[in-house]
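The values are calculated or read from the model by the stated rules, or taken from the named source; none is laboratory data. None of the values given here were measured: they were computed from a predicted structure. Glycine gets a Cβ as well: all are built from the backbone with ideal geometry, and neighbour counts include every protein chain shown.
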Amino acid sequence: MIKRILPVAMLSAAILSSTSCKQEAQFKKTKGIEYKIVKDVEGKTASVGDVIELHIHAFTDTAGAGGKRDTVELGNSRKDNNGKPITIPVQETKESAQWQSVFPMLSAGDSAVVRISCDTMLKNIPAEQKQGLPSWLKAGNYVTLTVNMVSVKSKADADKEVQQKTAQQAQGDDKLLQDYFAKNNIKAEKTSSGLYYVMQKEGTGEKIAAGQMVAMNYTGKLLDGTTFDSNLDSAFHHKELFKFPVGAHQVIPGWDEGVMMLKKGSKATFYIISSLAYGDRPAGPLVPPNSILIFDVEVVEVAAAGGDSGPNPQAMNAQAMSPDAAKGKSKSK
């Protein structure tokens, strides 16, 4: 349906449900949606394959008690993404009633209002899935979205820009770590990716390989010393071994790389630059964007691919392991 990535300041101007016939005539229709271009700036419009940045706010205006109209907010990117625009690849819309159908009409600097009839949405929902639908999703209502296009780029240009920003951030992170090591008299080894580590205990046996299952203890901190997660501290409510398959992208890149330098019984400290962690995304309330992460880790068990390394624990607090944790979904579960 509408994901919670959808400007409250625009709310009063954008509530267009239940409007007059004169206002209705201002909307155009395409692929099951109604749209109106509020601001039209000359420029390249979005095409399939492009990458766009935009702000979006979605809400519905529904009947409340005593005949009053109630506004239900469904998503607000300015709130949900710390004021930054969200990035979306432009894909072909093959189904009706998809708000993304407005993209080909918009260029950088444009803004639009999109309406989708709940009647149309209900027609697209199979009967067996209509139990437990939200109260606002009922006949006669509209979902309204305000869309503010920030940029339109080809995928090649967008990828190049990301690479440049990542490289600049990595240089800055490396300088911060070098200063940190000098201040704290730490001698750390550096890998080609930019990961630093200190081996506290070598462990025994062969180095861990991709595909093996590991069970580990860990404590994660920021450069300022703030502990943001640990399976050894009851304050974080998951005092179990952290278990995951190595090299399966179920943890942040710095962990996948670092763990494959360890053996059973190894203890080490990882110093992970932001590009090998969460990049410019926050990861929960304690991990800001572009954070360097420090992990003290211990490998407790190692099992062959497909094997079991012990009890299947609950996933960690997900604030510094899964690459998708900042998006609200942890692959480590």
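Looking at the structure I just gave you, is Ala46 at pLDDT 50 or above and either more than 29 Å from the chain's Cα centre (by Cα) or not aromatic (Phe, Trp, Tyr) (or both)? Spelling it out, Ala46 is indeed at pLDDT 50 or above and either more than 29 Å from the chain's Cα centre (by Cα) or not aromatic (Phe, Trp, Tyr) (or both).
Scanning the range 227-242 for residues being out of contact with any Asp or Glu (no Cβ under 8 Å at 6 or more places or on another chain) and either of a type outside the set (Asp, Glu) or not assigned by TED's automatic domain parsing to the domain that holds Met213 (or both) gives a total of 8. Looking at Val143, Val147, just one residue is under 20 Å from the mean Cα position of the chain (by Cα) and surrounded by 16 or more Cβ atoms within 10 Å (Cβ to Cβ), and that residue is Val147.
Within the range 159-185, residues that are under 18 Å from Ser291 (Cβ atoms) reach partners that are outside any helix (DSSP H, G or I) and among the small types (Gly, Ala, Ser) with beta carbons closer than 7 Å, at six or more positions or on different chains, in the pairs Ala170/Gly194; Asp174/Gly194; Phe181/Ala188. When every residue of the range 282-291 is checked against the conditions, at least one turns out to be more than 14 Å from the chain's Cα centre (by Cα), farther than 17 Å from Val214 by Cα and either part of a strand (DSSP E or B) or modelled with pLDDT of 95 or more (or both). Of the strands (runs of 3 or more DSSP E) entirely within the range 80-162, none holds at least 2 residues that are among the charged types (D, E, K, R), more than 16 Å from His57 (Cα to Cα) and outside the structural domain of Tyr35 (by TED's automatic domain parsing).
Just one of the listed residues (Gly205, Gly194) is on the phi > 0 side of the Ramachandran plot, in contact with an Asp or Glu (Cβ under 7 Å, 6 or more places away or on another chain) and not assigned by TED's automatic domain parsing to the domain that holds Ile52, and it is Gly194.
Flag: Asp229 matches the condition of being modelled with pLDDT of 95 or more and farther than 19 Å from Gln178 by Cα.
Within the range 199-239, track down each residue that is among the basic types (Lys, Arg), part of a loop (DSSP other than H, G, I, E, B) and under 27 Å from Pro289 (Cα atoms).
Within the range 199-239, Lys239 is the sole residue that qualifies.
Scanning the range 240-281 for residues that are assigned to a strand (DSSP E or B) and either small (Gly, Ala, Ser) or under 15 Å from the mean Cα position of the chain (by Cα) (or both) yields a total of 1.
Considering each of Leu74, Leu54 in turn, give the residue that is of a type in the set (A, V, I, L, M, F, W, C), modelled with pLDDT of 85 or more and touching a Phe, Trp or Tyr at 6+ places or on another chain (Cβ under 7 Å). Talk me through it step by step, then tell me what you get.
Details: Leu54 fails: touching a Phe, Trp or Tyr at 6+ places or on another chain (Cβ under 7 Å).
Going through Leu74, Leu54 in turn, the sole match is Leu74.
On the stretch given as the range 83-140, residues that are of a type in the set (Lys, Arg) and touching a strand residue (DSSP E or B) at 6+ places or on another chain (Cβ under 8 Å) total 2. Taken over the range 109-138, the residue count meeting the criterion of being small (Gly, Ala, Ser) and in contact with an Asp or Glu (Cβ under 6 Å, 6 or more places away or on another chain) is 0. Could you grab me the full set of residues in the range 141-195 that are within 30 Å of Lys29 (Cα to Cα) and either in contact with a Pro (Cβ under 6 Å, 6 or more places away or on another chain) or of a type in the set (Lys, Arg) (or both)? Val150, Lys153, Lys155 - these are the residues of the range 141-195 that are within 30 Å of Lys29 (Cα to Cα) and either in contact with a Pro (Cβ under 6 Å, 6 or more places away or on another chain) or of a type in the set (Lys, Arg) (or both).
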